[in-house]
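The values are calculated or read from the model by the stated rules, or taken from the named source; none is laboratory data. In this text the structure is predicted, and so the values were computed from the model without any measurement. Cβ atoms come from the backbone with ideal geometry, glycine included; neighbour counts cover every protein chain shown.
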Amino acid sequence: MMKRILHCFLLAALLATGACTESKDIGGGSELTVEVSSERVVLPGQELGSAVLTVDAPAPWIAEVTEGSGFTLTPSEGGTGETKVTVTAAANNAHRDRITLGKVNFRLTAGNARGTEVRILQSSGTAAQTLLVYLAGRGNLVSAFERNIVNMLRGIDEDTPGEGRILVFRQTGTASAEIIELFYDRLTAMTARIGLKEYDETLKTTDRATMTRILNDMLALAPAESYGLILGSHGTAWAPYSTLTSFACGADGEPIPHPYWQKTEGVPQTRGFGADNGATMAIPELAEALDAADARFDYLVFDACFMSSIETLYDLRNSTDYIVGSPCEVMIYGYPYDLSIPTLFRNNGREHDLEALCRSFCDFYSTTHLTEQSGCIAMADCAQLEALAEVVRRINGTALRDYDSEALQVYEGLRPHLFYDLGDFIRTVCADEALLAEFEKQFDLTFPPAARLHTPSFYTGYGGVHMPVERYSGVSVSEPSTQYTEENRRTAWYRAVHE
């Protein structure tokens, strides 16, 4: 708890409501002084990169550079009340690390009172790797997202992210949102968060254009040689938003009368992707949003339910190189980011290890007492998905065995089921041993075994029970389902594997 308090409150975020003040007692009273919205400003790494802080003074004031150079202040003096001051970098930061440009003392023009000191820093011009974390949605996720951020800070130290950077987007209210950076402050030897951009507007984070705009804002704030992306929110994989609401059942078999992410008494909560105030984003729209961004992401990690779905992955195959997700529900605790973040910034932030990320996820949920011990995970190599579709297409061109869908491995407690294990399904229906062997070989290339990990069982909010994992490929398919068959047949995956 003490570490969390230090993370959250010792270092104020830029433009946060808490202000930095300096004053001294004179004759039992408090002398008037200048208040500044942040004790530090972090400028972008490029020449003319700027940030804004707020100066609130009871009388005319002046800003004096007491140490360093390489930046300008506009204005450098002002009168009574609030004044917006723009701090602008004079040159690019050619270093790999954040640097200190100098210090500024904001003091009243008259009198000898000590002023308020603000430190001016500048981010690296081009980071080795920037990780963007896009947390979409409010409601019950607000506290979960804050816990995620605290855990990310716990995963940061003087070697992590090294030459990399971590930016987080989250909604802070109905009509407000922010982009913050998480970093290790070498001067204080502590982790910290600082605001980089605020949005004073209502953002529909599941809107394609809005998502692209926000991602581009983050990319502009932290240019890098490579990029990763974590997406966290509610959702339903490839299926329509109403799907997992309309036929979810409780332990007594009765339909749950409200969306699964709302609190059900006695049922632990889980999360998915793409629900913001009742609005969702179809996976093809998500692909379009990613493709329209100003940079390509090397990897995409879903902190979300059901996203390791072959229909979902196939839609995103051209949008990123690797995708990590779960075929079942993810507990609302999300990833153990204190363990996961270091796996994404190996070699001083220049490399990521997605297999290690998957291990950290499964190991945590295998042993934790903080939440249900339910952790299924897999990594997809998107470059191999077309070849996998080609093998499955040829299997579908042969005489297939009849099967009982109730005997297949499933990944939820829905009735009827919607997500079935892809590997189990193909092994059940394929009668051609040579084609099956080819499928197995290609499947291992598409979903590396070292990153296909699971706990002995998984928890499902549909019934509030643990279900056994008896056969596991780490990716689901919905073709065997009797629900939403027409919608499924319109997915790109179904069309690709059926002539």
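Does LEU385 meet the test of being surrounded by 13 or more Cβ atoms within 10 Å (Cβ to Cβ), in a helix (DSSP H, G or I) and of a type outside the set (Ser, Thr, Tyr)?
Details: surrounded by 13 or more Cβ atoms within 10 Å (Cβ to Cβ): yes; in a helix (DSSP H, G or I): yes; of a type outside the set (Ser, Thr, Tyr): yes.
Yes: the conditions hold for LEU385.
Report, ordered by the first and then the second residue, all pairs with beta carbons closer than 7 Å, sequence separation of six or more or different chains, a first member in region 357-375 that is without any contact (Cβ under 8 Å) to a residue 40 or more places away in the chain, and a second member that is part of a loop (DSSP other than H, G, I, E, B).
Matching pairs, first to second residue: SER360/PRO336; PHE364/PRO336; PHE364/GLY375; LEU370/TYR333.
Report, by residue number, each residue of region 73-92 that is hydroxyl-bearing (Ser, Thr, Tyr), within 30 Å of THR126 (Cα to Cα) and more than 34 Å from the chain's Cα centre (by Cα).
Filtering region 73-92 for residues hydroxyl-bearing (Ser, Thr, Tyr) gives 74, 76, 80, 83, 86, 88.
Then drop every residue that is not within 30 Å of THR126 (Cα to Cα), which leaves 74, 76, 86, 88.
Passing the criteria: THR74, SER76.
I'd like to know if region 392-402 contains one or more residues that are assigned by TED's automatic domain parsing to the domain that holds TYR322 and under 22 Å from PRO240 (Cα atoms). Break it down stepwise before answering.
First pass over region 392-402, keeping only residues assigned by TED's automatic domain parsing to the domain that holds TYR322: 392-402.
Among the residues that remain, those that are also under 22 Å from PRO240 (Cα atoms) are: none.
No, there is no match, as no residue in region 392-402 is assigned by TED's automatic domain parsing to the domain that holds TYR322 and under 22 Å from PRO240 (Cα atoms).
If you go through region 110-148 one residue at a time, how many are buried (at least 17 other Cβ atoms within 10 Å of the Cβ), over 18 Å from LEU357 (Cβ atoms) and aliphatic (A, V, I, L, M)?
Counting residues in region 110-148 that are buried (at least 17 other Cβ atoms within 10 Å of the Cβ), over 18 Å from LEU357 (Cβ atoms) and aliphatic (A, V, I, L, M) gives 7.
Mind checking which residues of region 444-480 are surrounded by fewer than 20 Cβ atoms within 10 Å (Cβ to Cβ), part of a loop (DSSP other than H, G, I, E, B) and either at pLDDT below 95 or touching a Lys or Arg at 6+ places or on another chain (Cβ under 6 Å) (or both)?
GLY464, the sole residue that qualifies.
Let me confirm something: among ASN348, ASN318, which residue is part of a loop (DSSP other than H, G, I, E, B) and more than 18 Å from the chain's Cα centre (by Cα)? I'd like the intermediate steps shown before the answer.
On the way: ASN348 fails: part of a loop (DSSP other than H, G, I, E, B).
On inspection, the qualifying residue turns out to be ASN318.
Please go through region 388-435 and pick out each residue that is polar (S, T, N, Q) and in contact (Cβ under 8 Å) with a residue 60 or more places away in the chain. Don't jump to the end; show me each part of the working.
Step one: list which residues in region 388-435 are polar (S, T, N, Q), which gives 396, 398, 405, 409, 428.
Correct list: ASN396, SER405, GLN409.
Just one of (1) in a loop (DSSP other than H, G, I, E, B); (2) surrounded by fewer than 20 Cβ atoms within 10 Å (Cβ to Cβ) trips up ASN105, so point out which.
Failing condition for ASN105: (1).
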